[in-house]
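Structure first, then comments.
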Amino acid sequence: MQLIEPRANPSRTMRWLAPPLAILLTLLVAAGIFALLGKPPLQAFYVFFIEPLETSNGWSELLLKASPLILIAQGLALGFRARIYNIGAEGQLLLGAICASGVAIYTDGMEGAWILPAMVLAGAVGGGLWGAIPAWLRTRFQAQETLTTLMLAYVATYLLSWLVSGPWRDPSGTNFPQSILFAEPAMFTPLFEGLRINASVYIAAALVPVFWLFVAKSFMAYQLAVGGEAPAAARYAGFSANRTVWVSLVISGAAAGIAGAAEAAGPVGQLTLSLSPGYGYAAIIVAWVGRLHPLGIVLAGLLMALIYLGGEAAQVSMQLPAAISWLFQGMLLFFLLGADAFVDFRLRQRKEVTA
Amino acid sequence: MIEYLVPVLATTLAAATPLVFAGLGELVTEKSGVINLGVEGMMLIGAVAGFAGGLHWGVAGGLLCGALAGALAALPFAFLTLSLGTNQPATGLALTIFGIGLSAFVGQYFVSQSLPGLQPLIIPGLAEIPLLGPVFFSQSWVVYLSWLTFAWLAWMLARTRWGLILRAVGESPEAAHAIGYPVTAIRYAATCFGGAMAGIGGAYLSTVYTPLWVQNMTAGRGWIAVALVVFATWKPGRLMLGAYLFGGMTILQLHAQGLGVELPSQLLAAVPYVATIVVLVLISRDRKLLQLNLPASLGKPWIGN
């Protein structure tokens with residue numbers, strides 16, 4: 001009754017075909033859902049995937065959403081390659097945003113070109129520290145990082161909620177749980193008049209080649225990959241398993257923290273509860289769909305940003321809830337994992353041999 | 001003091017019940033060697049299906065719908081991990097994300113509706129025992145159901161042939177296969193059972209505990225249930241203990257300000273999540289205890305031969 005059997009050699013074709021195949025299957029199911037809801041699928045696809053790209057504002061929003069996703073996924077992919085599953089990047093992002101906002105709030109009224117870099121640095125440190133906690137718990141006490149990173153994401157949400165409704169609430173504002181609007185020195189300037197896109201996208205753009213070089217050339221990244229593929233070989237070669245954990249979690253935490261800082265100082269411009277629409281979780285899927293490869297992640301990040309934009313557009317023009325993008329994200333990962341199975345396996349071809 | 005303690009303890013049992021159902025379900029799934037991180041998603045799907053069922057058929061119908069929906073939600077996970085051998089943590093995560101989206105999507109039709117909830121079922125005689133009576137025997141019938149489920153599962157796992165087969169599959173699928181047990185089919189059943197239990201836990205939340213639908217209303221309880229299974233070292237009795245500890249934590253957090261704890265409510269709300277981490281650390285540092293009880297094939301794909 002087994003469905004599949006191992007291939008003699010992993011299929012290279014399937015490895016490259018799996019992501020487009022998963023995307024295609026997701027689209028087919030999506031069309032079915034739209035049809036069930038009585039929305040013509042073609043019109044829905046138009047609203048979801050074409051309309052957002054017809055205006056310069058749409059492209060600006062696409063890049064704004066893609067850059068945190070790409071940045072976080074680059075960090076996560078490092079860990080995933082080493083089989084360190086940091087699934088709480090959302091928390092590290094929020095800590096990054098909190099620390100960066102702290103700088104902005106306490107330097108309010110000051111001038112200086114150093115404020116913005118200090119915010120990004122604070123974001124990296126905050127996210128990195130939030131990633132260091134599960135690293136310490138894993139290396140010192142063997143506590144699984146999957147659960148600890150996720151629990152810390154919930155803790156970060158409540159920490160944020162406390163800050164914006166307590167000590168950091170805008171004193172002159174209404175009773176909304178949000179901080180003051182950041183002053184100009186604490187914000188990324190828009191690149192074009194009338195569009196939200198700002199200089200923060202350069203951070204992601206600059207860090208992609210850095211990650212690429214690190215993955216392709218560094219001995220550290222090689223150790224991470226060996227640790228994931230063949231833990232016994234890594235031990236034998238004397239690669240430290242603990243260092244693998246630390247590097248994976250601290251780097252992915254710092255990357256998420258920078259993304260959080262860029263959100264606070266960029267399009268949002270203040271600390272609010274709704275700072276991130278789940279970028280930390282979506283980035284997990286981006287890393288997987290992008291084959292854990294720095295360039296693949298860029299493409300996957302753009303696609304995921306489009307799903308986000310489409311979700312917003314569908315909400316406005318078709319009265320569909322924004323949560324529909326979570327539905328598509330989950331399906332995309334399902335289909336990708338399923339398609340990936342056929343890299344190492346094929347449909348069973350042998351006849352049952354009766355003894 | 002007693003007057004204060006009784007309602008706290010009684011509400012603790014009610015607050016812990018979703019964790020009991022979801023945790024026991026995940027425990028059975030993991031006993032068969034499968035780790036499903038999709039509990040949070042299955043609970044949410046169960047919660048929304050339970051609410052829909054509850055609107056038409058009352059609490060019992062709602063729980064049944066939740067169980068059915070949870071079991072169905074576990075199917076794609078089971079197919080991918082068991083028939084196609086995919087990475088179990090990643091597939092479970094996909095199920096959670098899918099469940100968050102699906103439940104929010106379906107739940108849009110139920111926003112701002114509510115259910116009547118459930119009156120406690122006071123057990124004559126037993127409910128009159130001082131202290132114990134009002135705490136244990138004046139609960140809703142769903143809480144009693146959770147105890148019956150626990151007793152049945154604990155007995156089944158430890159004392160019956162079924163339990164033995166389940167454990168054999170989780171310890172060594174090769175050996176179980178060699179003796180002639182259908183390993184994959186048993187894992188399918190255990191995974192869907194886990195889904196059904198998570199679904200009941202979710203449906204209890206949306207039909208009894210807070211009888212309405214709110215997006216993401218499980219608030220991480222599914223993940224806490226997964227952590228509880230580790231804390232319980234895969235033993236049902238310890239799982240109950242853990243669930244009630246966490247139930248107590250959520251309730252104490254509500255009463256903390258009354259007890260004179262000067263912490264902001266948002267930070268108190270984070271306490272159960274911090275406690276989960278602390279508990280995981282305490283249990284994980286004892287490597288031997290974990291290794292001894294861990295189902296040996298947990299998380300490892302097994303594609304028959």
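Structure data summary
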{"read-out": "Residue that is nearest to residue A:283 (Cα to Cα) [pool: residues in region A:142-155 that are facing chain B (nearest Cβ under 7 Å), polar (S, T, N, Q) and within 19 Å of the chain's Cα centre (by Cα)]", "value": "A:146"}
{"read-out": "From the options B:105, B:110, B:77, residue that is free of Cβ contacts under 8 Å to residues at least 12 places away in the same chain and either of a type in the set (D, E, K, R) or in contact with a helix residue (DSSP H, G or I) (Cβ under 8 Å, 6 or more places away or on another chain) (or both)", "value": "B:105"}
{"read-out": "Region A:108-132, residues that are within 21 Å of residue A:190 (Cα to Cα) and in contact (Cβ under 8 Å) with a residue 12 or more places away in the chain", "value": "A:108, A:109, A:110, A:111, A:112, A:113, A:115, A:116, A:118, A:119, A:120, A:123"}
{"read-out": "Selection count where residues are surrounded by 14 or more Cβ atoms within 10 Å (Cβ to Cβ), more than 16 Å from residue A:76 (Cα to Cα) and under 19 Å from the mean Cα position of the chain (by Cα), scope region A:206-242", "value": "0"}
{"read-out": "Scan of region A:1-33 for residues that are away from chain B (no Cβ under 12 Å) and surrounded by 14 or more Cβ atoms within 10 Å (Cβ to Cβ), ordered by number", "value": "A:11, A:14, A:15, A:17, A:19, A:21, A:23, A:25, A:27, A:31"}
{"read-out": "Selected residue (only one of B:291, B:266, B:253 is within 12 Å of chain A (Cβ to nearest Cβ) and in contact (Cβ under 8 Å) with a residue 12 or more places away in the chain)", "value": "B:253"}
{"read-out": "Answer residue from region A:162-196, given it is assigned to a helix (DSSP H, G or I) and not small (Gly, Ala, Ser) and is nearest to residue B:268 (Cα to Cα) among those", "value": "A:162"}
{"read-out": "Neighbours by Cβ (under 6 Å, 6+ apart or cross-chain): first from region A:197-223, in a loop (DSSP other than H, G, I, E, B); second crowded, with 16+ Cβ neighbours inside 10 Å", "value": "A:197/A:60; A:197/A:63; A:197/A:64; A:199/A:188"}
{"read-out": "Flag for residue A:139 being under 26 Å from residue A:88 (Cα atoms), within 14 Å of chain B (Cβ to nearest Cβ), within 19 Å of the chain's Cα centre (by Cα) and of a type outside the set (Phe, Trp, Tyr)", "value": "no"}
{"read-out": "Residue B:127 more than 14 Å from chain A (Cβ to nearest Cβ), more than 19 Å from residue A:331 (Cβ to Cβ), surrounded by fewer than 20 Cβ atoms within 10 Å (Cβ to Cβ) and not charged (D, E, K, R)", "value": "yes"}
{"read-out": "Some residue of region A:339-355 being touching an Asp or Glu at 6+ places or on another chain (Cβ under 6 Å), within 12 Å of chain B (Cβ to nearest Cβ) and either surrounded by fewer than 24 Cβ atoms within 10 Å (Cβ to Cβ) or assigned to a helix (DSSP H, G or I) (or both)", "value": "yes"}
{"read-out": "Residue among B:12, B:17 that alone is surrounded by 24 or more Cβ atoms within 10 Å (Cβ to Cβ), out of contact with any His (no Cβ under 9 Å at 6 or more places or on another chain) and either of a type in the set (S, T, N, Q) or not in a helix (DSSP H, G or I) (or both)", "value": "B:17"}
{"read-out": "Subset of region A:316-329 (residues that are farther than 24 Å from residue A:97 by Cβ and either within 15 Å of the chain's Cα centre (by Cα) or within 11 Å of another protein chain (Cβ to nearest Cβ) (or both))", "value": "A:319, A:320, A:321, A:324, A:327, A:328"}
{"read-out": "Verdict on residue B:80 being buried (at least 21 other Cβ atoms within 10 Å of the Cβ) and either under 30 Å from residue A:229 (Cβ atoms) or of a type in the set (S, T, N, Q) (or both)", "value": "yes"}
{"read-out": "Output for region B:262-302, where each listed residue is at pLDDT below 85 and among the aliphatic types (A, V, I, L, M)", "value": "B:263, B:289, B:290, B:292"}
{"read-out": "Count of residues meeting criterion [more than 12 Å from the chain's Cα centre (by Cα), closer than 21 Å to residue A:182 by Cα and not hydrophobic (A, V, I, L, M, F, W, C)] in region A:253-304", "value": "7"}
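Listed here are the residues, each with its yes/no results for (1) farther than 22 Å from residue B:23 by Cα; (2) not in a helix (DSSP H, G or I).
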| position | (1), (2) |
| --- | --- |
| B:86 | yes, yes |
| B:97 | no, no |
| B:100 | no, no |
| B:111 | yes, yes |
| B:117 | yes, yes |
| B:124 | yes, yes |
| B:134 | yes, no |
| B:147 | no, no |
| B:158 | no, no |
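Yes or no, residue by residue, for (1) under 16 Å from residue B:150 (Cα atoms); (2) surrounded by 23 or more Cβ atoms within 10 Å (Cβ to Cβ); (3) within 14 Å of another protein chain (Cβ to nearest Cβ):
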residue	(1), (2), (3)
B:162	yes, no, no
B:175	no, no, no
B:180	no, no, yes
B:188	no, no, yes
B:239	yes, yes, no
B:242	yes, yes, yes
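The values are calculated or read from the model by the stated rules, or taken from the named source; none is laboratory data. Just so it is clear, the model here is predicted, and its values are computed rather than measured. Backbone-built Cβ (ideal geometry, glycine too); neighbour counts: all protein chains shown.
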